[in-house]
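Just so you know, all these numbers are worked out from the coordinates, no wet-lab data involved. Just so it is clear, the model here is predicted, and its values are computed rather than measured. With ideal geometry, Cβ positions are generated from the backbone for all residues, glycine too; neighbour counts draw on all protein chains shown.
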Amino acid sequence: MEFPKNLKYTKDHEWIDAQDKQGTIGVTGFAVEQLGDIVFVELPESGKHFKSGDSFGTIESTKTVSDLYMPVSGKVVAVNTAVKNSPESLQSDVYQNGWLVKIEMDNPSDVNNLLDAGQYEAFIKE
Amino acid sequence: MTLSSTAAEFKNTPLYDLHREAGAKMVAFGGWMMPVSYGSVLNEHKIVRETCGIFDVSHMGEVRVKGTDARKFLQWLTINDIDRLMVGAGQYSAILNESGGMIDDLIIYRLDDDEFFICVNASNREQDYKWIKELSSRFTVEVEDESDRWAQIAVQGPKSLEVLRPLLTTNDANRLEALPYTHIQKTSLLCESVYIARTGYTGEFGFELYLPIESAQKVWSGLLDPKAPTKAHPIGLGARDTLRLEACYLLYGNDMNETVSPLEAGISWATKLDKGDFVGRAALLEQKSKGVERRVIAFKMIQDAIPRQGMKVFFGDKLIGSVTSGSVLPTVGGAGGMALIEMGTKEGDEITIEIRGQQKIAQIFKRPLYAARTKS
């Protein structure tokens, strides 16, 4: 399984693509594979602020409900309604069209505390 | 997000290795490691509705009751009317405690005038056997827990007969084709001696096979023969749950337990209060005369959200009960489930389900949510 090198990762299986102040957030291919069919995704409204580690939504498979956690603190500026409307699309594309929210980060340097692709890959093999 | 991992110390069915080889995701269920899915729960659900899927349900328990008093004993032990059960037929029933609460729901097959074969839930097997054994002491019967000797494979879906046919002699295939719903027959499958029943837990036409554990791998592989004219697919417990939920078949531990009576669970049709005395009958009669205060209903979500077991159910501002089973409903569409709620609502009424702090609107529907095609 490949993990894009340009992204940062959390141990809770979220990824973030940081570009200046903006961060695009999603869940990893590993998480989606573990969950199985994704049948429901609940996302916050734009404008809401979350601290790092806060639950900003949920992702549900047929049998499980999992919280989504903010990798870094920030304010939601965009929500992917396409994923909300067809959660099954996450199965085929988690890193491009499968993004969940975009945030304006409080401190863009916070991403330096997250895992890089190699560290995340090592973590899930544990 | 947090992904759960499973611990060790569970029993394996004789098909465990084959499931692992097939890439199944295994989960703990009722003390067993069972396949939850071989890939996609939704796809597996669809396969059973449209063609044919096979399930390893070897975790289920089997108890044999025989002897001169067997009929009399089971008539007293169970809620349904054994006298209406002819040799070769099966009957949905339940065993109750003295307070009328359900110890288990089960299927009883009558193999002979004084010999019965009972299929019980995996998680209840030990306590069922203990209860049955204890109550049998006043009767001339032998009660034996044969669970360790039997594997069980369910073959479910409109193409089930075509999937089984290549494994049977022409004569046995014809006998199977003529087997009425709920009936059971002994037959030879790939030269292995098995019982086949026209029953299931999916709402589709299909069969349940009881086979000696030594025969399980051979039959499972035979059913999945890639060269067979009609292909079957392995199906995990994930789809088994969404299939049974659409058909509104109850799941012990979710939709009923020792504090829920069969009248509350909505299986009055299998509860024969006028057949004579049976364990729990007095409590049921009292409940009936006072008026049943709650019942298991089916509902569908109006607002987008997935109900889950344990979530609170409201009617207006009033808390009236909780969700007993909830999920997406792949064939019916949307999401829904069953709930145990106080009397005072009717079909069509809007209720709300508290989902992560928010009240989401749902509507009460007539059971079942999916009309079973078991008889087609």
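Rounded to the nearest 0.05, the FRET efficiency derived from the C-beta distance between A:Gln91 and A:Lys21 at R0 = 25 Å is 0.25. Distant-in-sequence amide contacts of A:Phe56, defined by a placed amide H-H separation under 5 Å and a gap of 5 or more residues or a different chain, comprise A:Leu68, A:Tyr69, A:Met70.
Close amide H pairs (under 5 Å, H built 1.01 Å from N) link B:Ser40 with no residue at least 5 positions away or on another chain.
Taking amide H atoms as placed 1.01 Å from N in the peptide plane, the amide H of B:Gly61 lies under 5 Å from those of B:Val120, B:Asn121, B:Ala122, each 5 or more residues away in sequence or on another chain.
Computed from point charges on the beta carbon alone (+1 for Lys and Arg, -1 for Asp and Glu), the dipole magnitude for region B:1-160 about its Cα centre is near 440 Debye. Between region A:52-100 and region B:90-137, what is the separation of their alpha carbon centroids in Å? If you average the Cα positions of each part, the centres end up 46 Å apart. Across the options B:Val332, A:Gln19, B:Gly53, the greatest Cα extent toward the positive end of the charge dipole of the protein assembly as shown (unit charges at beta carbon of Lys, Arg, Asp, Glu) belongs to B:Val332. With each label modelled as a point 7 angstrom along the Cα→C-beta vector, the B:Lys133-B:Glu9 pair spans 2.3 nm. Measuring from centroid to centroid over Cα atoms, what is the spacing of region B:27-59 and region B:241-307 in Å? The distance from the Cα centre of region B:27-59 to that of region B:241-307 comes to 25 Å.
Taking every DSSP helix (H) stretch of at least 4 residues in the protein assembly as shown, weighting each as -39,500 (n - 2.57) and dividing the sum by the residue count yields a mean residue ellipticity at 222 nm of -5500 deg cm²/dmol.
For the pair B:Met86 and A:Glu33, a Förster radius of 41 Å applied to the C-beta separation gives a FRET efficiency near 0.25, rounded to the nearest 0.05. Classified by the C-alpha gyration tensor, region A:1-115 has a prolate form. Its axis ratio a/c, with a ≥ b ≥ c, is 1.5 or above, and a/b is larger than b/c. In order along region B:34-49, the Karplus-derived 3J(HN,Hα) couplings, from 6.51 cos²θ - 1.76 cosθ + 1.60 at θ = phi - 60°, round to 10, x, 8, 6, 9, x, 10, 4, 5, 5, 5, 4, 5, 4, 5, 5 Hz, and Gly and Pro are given as x. Of the residues B:Ile351, B:Leu211, B:Leu96, the one whose Cα sits farthest toward the positive end of the charge dipole of chain B, with +1 on the Cβ of Lys and Arg and -1 on the Cβ of Asp and Glu, is B:Ile351. Computed 3J(HN,Hα) for region A:9-19, one whole-Hz value per residue from the Karplus formula 6.51 cos²θ - 1.76 cosθ + 1.60 where θ = phi - 60°, is 10, 10, 6, 8, 6, 9, 10, 9, 9, 9, 10, glycine and proline marked x. Each residue of region A:111-126 is assigned a 3J(HN,Hα), and the resulting list reads 5, 5, 7, 8, 7, 8, 4, x, 5, 5, 4, 5, 4, 6, 7, 4 Hz, derived from the Karplus form 6.51 cos²θ - 1.76 cosθ + 1.60 (θ = phi - 60°), x at Gly and Pro. Residues of region A:21-41 with amide nitrogen under 18 Å from the 7 Å Cα-to-Cβ point of A:Phe123? Residues A:23-35 fall inside that zone. When +1 charges are put on Lys and Arg Cβ atoms and -1 charges on Asp and Glu Cβ atoms, the dipole computed for the protein assembly as shown relative to its Cα centre reaches about 960 debye. Ignoring solvent entirely, what values of log10 I(q)/I(0) come out of the Debye formula for the protein assembly as shown at 0.08, 0.09, 0.10 Å⁻¹ when each Cα is a single scatterer? Cα-only, vacuum Debye calculation for the protein assembly as shown: -0.57, -0.70, -0.85.
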